[in-house]
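Data block below; observations after.
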Amino acid sequence: MDKTHDVIIVGSGVVGSSIAYHLSERKKHSILLIDKGFPLSGTSGSTQAWVWVHSKVPSWYGELSLYSAELYPFLERKIGDVEYKRTGGIAPFFTEAEKEKALKLAEKQAEVGIDIEVLSRDEVLEKEPYLSPNIAGATFSKIDGNVNPFRLVELYIKSAKKNDVQTSFYNQVISIQKNGDIFHLETLKGTFKTKKLVIAGGPWSKELGEMLNVNIPIKQVRGQILITEPLQPFLKHTIGGVRQADNGEVLIGYSKEEVGYDRRTTLDIVQQTAKMAIDFIPHLRRANVVRSFAGIRVIPLDGFPIIGEIPEVEGAYIAAMHSGVTLSPLVGTLLTELLIDGETSIDLSRYSLERFNESNIKSI
């Protein structure tokens, strides 16, 4: 335990495990992946796991999501079948006013290469006959899809371990000190040392930042999801709020509640979610719900990812974002570039922690 690692990554969710894997591909570094729990015991195991691009705005954020989605087919060739499916994504709307917004969205996203069709009611129902005839239309993009988050994180970590990444799970970080150029992480299992530190702790990133006297401006947002009994396949696309898994189960939900780290499900949101599902897809009225679960998303205060170096703390890096499943292949690639080469192939200045008030940063 006296060994000093080149990089320690705190957080083994979809973002942290992606960084560990992509960094390990270079095979030049001693890497340790630490987590207070176990992979998939947190946010990454409590998600619908969309790979969603077309409605991410502004367009520069949509463009980042597009680049990442395009990496998924290549990622599968390297780490194995993560059950990535580019189903195409449908976001229904119910009013003419929403149609006007959809047309403006399509126009703006086209500027960065995101192709969106604004479909009429009949065109949507031709693609998805079980959608409600009460819809006015929908936006549609071929680029959207979904993935199996359990396979994704499992294969990130399995592939990282093949490249000699070490792991330490069920091992909470208690404190972080920096002595000279070396970070000392006191954990439940002892002290670990590293030259470079990556915070990818999801909902716990703020707490980890405080150990460095850094304010990471994020909030914890609960989302509740319903799961139906397995049904005969009837949905072909990933629909905003609803998708059908390979085993026939339908995953429903996109709620947002700021309740701290509380993973309980509640009757009021369960009822709202069920109503939303029936409004979108009346056929689901006859389906039995077999379980519900909640996950805690990490959402930066302005809604956009925080990626890059932590100002005033040389050797420390942050990767905190909502759409971790969509962005994980790209974020893993870019953090690897930053950690090894000192620069990235895509400009990350929009995503820097520095965009928040400078008073958020206290010198270590």
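The values are calculated or read from the model by the stated rules, or taken from the named source; none is laboratory data. What you see is a predicted model; the values in this text were computed from it and never measured. Reconstructed Cβ throughout: ideal geometry from the backbone, glycine too, with neighbour counts over all protein chains shown. Heads up: the accessible areas ignore ligands, DNA and RNA and are worked out on the full protein's heavy atoms, side chains in. Shrake-Rupley method; radii C 1.70, N 1.55, O 1.52, S 1.80 Å.
Restricting to segment 175-188, name every residue that is closer than 19 Å to S41 by Cα and open to solvent by 70 Å² or more (accessible area, probe 1.4 Å). Spell out the reasoning first.
Looking only at segment 175-188, we keep the residues that are closer than 19 Å to S41 by Cα, and these are 187-188.
Correct list: L188 only.
For segment 145-157, give me each residue that is among the aromatic types (F, W, Y) and open to solvent by less than 30 Å² (accessible area, probe 1.4 Å). Step through it out loud before you land on a result.
Of segment 145-157, the ones among the aromatic types (F, W, Y) are 150, 156.
Scanning segment 145-157 gives a single hit, Y156.
Which number in (1) touching a helix residue (DSSP H, G or I) at 6+ places or on another chain (Cβ under 8 Å); (2) open to solvent by 10 Å² or more (accessible area, probe 1.4 Å); (3) more than 26 Å from I79 (Cβ to Cβ) marks the one condition that A277 misses?
(2)
Being of a type in the set (D, E, K, R) and at pLDDT below 95 is the filter; apply it to segment 1-15 and report the residue that is farthest from L188 (Cα to Cα). Walk me through it before giving the result.
The initial filter retains those residues of segment 1-15 that are of a type in the set (D, E, K, R), namely 2-3, 6.
Those left that are additionally at pLDDT below 95: 2-3.
Working: D2: 16, K3: 17 Å.
If we take residues in segment 1-15 being of a type in the set (D, E, K, R) and at pLDDT below 95, then K3 is farthest from L188 (Cα to Cα).
Select from segment 21-32 the residues that are more than 17 Å from the chain's Cα centre (by Cα), within 29 Å of R86 (Cα to Cα) and either open to solvent by less than 20 Å² (accessible area, probe 1.4 Å) or among the β-branched types (V, I, T) (or both) and list them in ascending order. Before the answer, list the steps.
Residues of segment 21-32 that are more than 17 Å from the chain's Cα centre (by Cα), as a first pass: 23-32.
Within this subset, residues satisfying the condition of being within 29 Å of R86 (Cα to Cα) are 23-26.
The answer is L23, S24.
Quick check on my filter: what residues within segment 94-118 are not small (G, A, S) and not in a helix (DSSP H, G or I)? Talk me through it step by step, then tell me what you get.
Narrowing segment 94-118 to residues not small (G, A, S): 94-96, 98-101, 103-105, 107-109, 111-112, 114-118.
Selection gives F94, T95, E111, V112, I114, D115, I116, E117, V118.
Could you list, ordered by first residue, the pairs with Cβ atoms under 8 Å in which the first is in segment 58-82 and at positive phi and the second is among the small types (G, A, S) and open to solvent by 10 Å² or more (accessible area, probe 1.4 Å), at least 6 apart or interchain?
Filtered contacts from segment 58-82: G80/S159.
Please work out which residue is nearest to L119 (Cα to Cα), limiting yourself to segment 209-244 and to residues that are touching a residue at least 12 places away in the same chain (Cβ under 8 Å) and charged (D, E, K, R).
Keep residues of segment 209-244 that are touching a residue at least 12 places away in the same chain (Cβ under 8 Å), which gives 209, 211-244.
From what is left, the residues that are charged (D, E, K, R) are 219, 222, 229, 236, 243.
Working: K219: 35, R222: 32, E229: 30, K236: 16, R243: 19 Å.
Checked segment 209-244; the qualifying residue nearest to L119 (Cα to Cα) is K236.
For residues that are touching a Gly at 6+ places or on another chain (Cβ under 7 Å) and not in a helix (DSSP H, G or I), scanning just segment 119-144, find the one that is surrounded by the fewest Cβ atoms within 10 Å (Cβ to Cβ).
Start the filter on segment 119-144 by keeping residues that are touching a Gly at 6+ places or on another chain (Cβ under 7 Å), which leaves 119-121, 124, 140-142, 144.
Next cut, not in a helix (DSSP H, G or I) only: 119-120, 140-142, 144.
On the way: L119: 23, S120: 13, F140: 24, S141: 24, K142: 15, D144: 27.
That would be S120.
Tell me, which residue of segment 245-268 that is among the small types (G, A, S) and surrounded by 16 or more Cβ atoms within 10 Å (Cβ to Cβ) is farthest from I299 (Cα to Cα)? Let's see the steps before the verdict.
Here is the first cut: in segment 245-268, the residues among the small types (G, A, S) are 245, 248, 253, 255, 260.
After this cut, where a residue has to be surrounded by 16 or more Cβ atoms within 10 Å (Cβ to Cβ) as well, the list is 245, 253, 255.
Working: A245: 26, G253: 17, S255: 13 Å.
Looking at residues that are among the small types (G, A, S) and surrounded by 16 or more Cβ atoms within 10 Å (Cβ to Cβ), I get A245.
Quick one: in segment 81-93, of everything that is in a loop (DSSP other than H, G, I, E, B) and either open to solvent by 10 Å² or more (accessible area, probe 1.4 Å) or among the acidic types (D, E) (or both), which residue is nearest to A160 (Cα to Cα)? Spell out how you get there, then give the answer.
Initial filter on segment 81-93 (in a loop (DSSP other than H, G, I, E, B)): 81-84, 86-88.
With either open to solvent by 10 Å² or more (accessible area, probe 1.4 Å) or among the acidic types (D, E) (or both) added as a condition, the list becomes 81, 83-84, 86-87.
Working: D81: 15, E83: 19, Y84: 19, R86: 25, T87: 28 Å.
Looking at residues that are in a loop (DSSP other than H, G, I, E, B) and either open to solvent by 10 Å² or more (accessible area, probe 1.4 Å) or among the acidic types (D, E) (or both), I get D81.
Among the residues of segment 21-78, count how many are in contact with a Pro (Cβ under 6 Å, 6 or more places away or on another chain) and assigned to a loop (DSSP other than H, G, I, E, B).
2
When the residues of segment 33-80 are narrowed to those that are more than 20 Å from A20 (Cβ to Cβ) and small (G, A, S), which ends up most open to solvent (accessible area, probe 1.4 Å)?
Per the stated criteria, the residue is S55.
Considering only residues that are farther than 14 Å from I307 by Cα and either without any contact (Cβ under 8 Å) to a residue 12 or more places away in the chain or within 17 Å of the chain's Cα centre (by Cα) (or both), which ones fall in segment 189-205?
First pass over segment 189-205, keeping only residues farther than 14 Å from I307 by Cα: 189-196, 203-204.
Across segment 189-205, the qualifying residues are P203, W204.
Across segment 333-353, which residue is surrounded by the most Cβ atoms within 10 Å (Cβ to Cβ) among those that are in contact with a strand residue (DSSP E or B) (Cβ under 8 Å, 6 or more places away or on another chain) and under 14 Å from A320 (Cα atoms)?
L335
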